[in-house]
Amino acid sequence: MMSARRTRRKVGSFVGWGFAWLGAALVLFGLIDMLATVLWKGVASFHWSMLTHVTSGIAGGLQNAILGTLLLIGVSIVIAAPLGILGAVYVAEFAHSKIAIVVRFLTEVLSGVPSIVIGYFGYLLMVLQWGWGFSPLAGGIALTVMMLPYILRTTESSLLQVPLTQREAAWALGMTKFQAISRVLWRPVAGNIATGVLMAIAIGMGETAPLLYTAEWNSFNPTLQMLHQPVGYLTYVVWTYVDEPYPQAQGLAYSAAFVLVMLVLLIHIVVRVFIRRNKQN
């Protein structure tokens, strides 16, 4: 009897782990296939002149899309990073349990809202109601709403993982809560916070739906005089040109996807190097 139960448990465990590994393999296969396709076709169609020419028709370059993407991400991360990090610090270190529960619940709800809903809400509020029109500011705030939950949750979970003994040691030295966070608790969680910010940047860079309603599209390079005008971005090129029947247009779409991947990788490397040097010092 015991032998039969043991056999059934082993068979069940084997089947369960088999399905788990199969699911992981399918996910990894799709990810690797997509990334390999983007890199292979993107490298084949990319040429350096794309960095110095704007998008024109089904050809041209990606200069306006790259600058517009960096502008949108810059606007969004300047707003989302301080709000997300400070909000997480408040929830993890200062807020009462009921307030923290409410903030966590609202964060979960916000992270589950479809991006197109956020874009349409931004269109009704910022573009129409507030009269901003299609602009980098409206697009950046729409991306901020999407990026904020990821930064807040990552920062909060990182702070909660710091042992209580470190806090008590800082308080025993006469530090306030703010001093303990800024001088003691910051270093061990800096890498995790950077990971959350990088994840938020990657999510923002890969979005198209909210920007269609708030930033629209512009074939010219963004300038200070065009802050209240539409702006170009890389995901629009990918979304629009990849289904075109012309090889030039498809090549431009894969080149835009390749540049997008390289930008995310470059930002990731720069932040990691900065965090490593900060820890060494």
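The values are calculated or read from the model by the stated rules, or taken from the named source; none is laboratory data. Because the structure is predicted, anything quoted here is derived from the model rather than measured. Using ideal geometry, Cβ is built from the backbone for each residue, glycine included, and neighbour counts are taken over all protein chains shown.
Touching a residue at least 12 places away in the same chain (Cβ under 8 Å) and either closer than 19 Å to Val261 by Cβ or assigned to a helix (DSSP H, G or I) (or both): is that true of Val109 in this structure? Taking the combined requirement at face value, the residue does not satisfy it. The C-beta contact set for the range 227-252 (first residue over 15 Å from Leu212 (Cβ atoms) and touching a residue at least 40 places away in the same chain (Cβ under 8 Å), second residue buried (at least 21 other Cβ atoms within 10 Å of the Cβ) and of a type in the set (Gly, Ala, Ser), distance under 7 angstrom, 6+ apart or interchain) comprises Leu227/Ser135; His228/Ser135; Gln229/Ser135. Evaluating Gly23 against the criteria (1) touching a residue at least 40 places away in the same chain (Cβ under 8 Å); (2) small (Gly, Ala, Ser); (3) under 29 Å from Gly191 (Cβ atoms) leaves one unmet condition, (1).
Being hydroxyl-bearing (Ser, Thr, Tyr) and within 13 Å of Gly119 (Cα to Cα) is the filter here; which residues of the range 133-151 pass it? Walk me through how you get there before you give the answer.
To start, the set of residues in the range 133-151 that are hydroxyl-bearing (Ser, Thr, Tyr) comprises 135, 144, 150.
Selection gives Ser135, Thr144.
Among the numbered conditions (1) farther than 20 Å from Ala202 by Cα; (2) surrounded by 10 or more Cβ atoms within 10 Å (Cβ to Cβ), the only one that Ala36 does not meet is (1). When Gly206 is tested against (1) of a type in the set (Gly, Ala, Ser); (2) farther than 27 Å from Leu152 by Cβ; (3) surrounded by 15 or more Cβ atoms within 10 Å (Cβ to Cβ); (4) in contact with a Ser or Thr (Cβ under 7 Å, 6 or more places away or on another chain), just one condition goes unmet, and that condition is (2). Filtered by the rule that a residue be of a type in the set (Val, Ile, Thr) and either at pLDDT below 90 or in a loop (DSSP other than H, G, I, E, B) (or both), the range 40-97 gives Val43, Thr52, Val54, Thr55, Ile58, Val89, Val91. Any residue at all in the range 229-240 that is surrounded by 17 or more Cβ atoms within 10 Å (Cβ to Cβ), more than 18 Å from the chain's Cα centre (by Cα), modelled with pLDDT of 85 or more and in a helix (DSSP H, G or I)? Yes. Among the conditions (1) surrounded by fewer than 18 Cβ atoms within 10 Å (Cβ to Cβ); (2) under 21 Å from Thr208 (Cβ atoms), the only one that Leu106 does not satisfy is (2).
Rundown of residues vs (1) assigned to a loop (DSSP other than H, G, I, E, B); (2) within 21 Å of Gly61 (Cα to Cα); (3) in contact with a helix residue (DSSP H, G or I) (Cβ under 8 Å, 6 or more places away or on another chain), yes/no style:
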position	(1), (2), (3)
Thr195	no, no, yes
Glu207	yes, yes, yes
Trp217	yes, yes, yes
Pro245	yes, yes, no
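Specify the residue that is surrounded by the most Cβ atoms within 10 Å (Cβ to Cβ); the eligible residues are those in the range 115-167 that are without any contact (Cβ under 8 Å) to a residue 60 or more places away in the chain and outside any helix (DSSP H, G or I). Here the answer is Val162.
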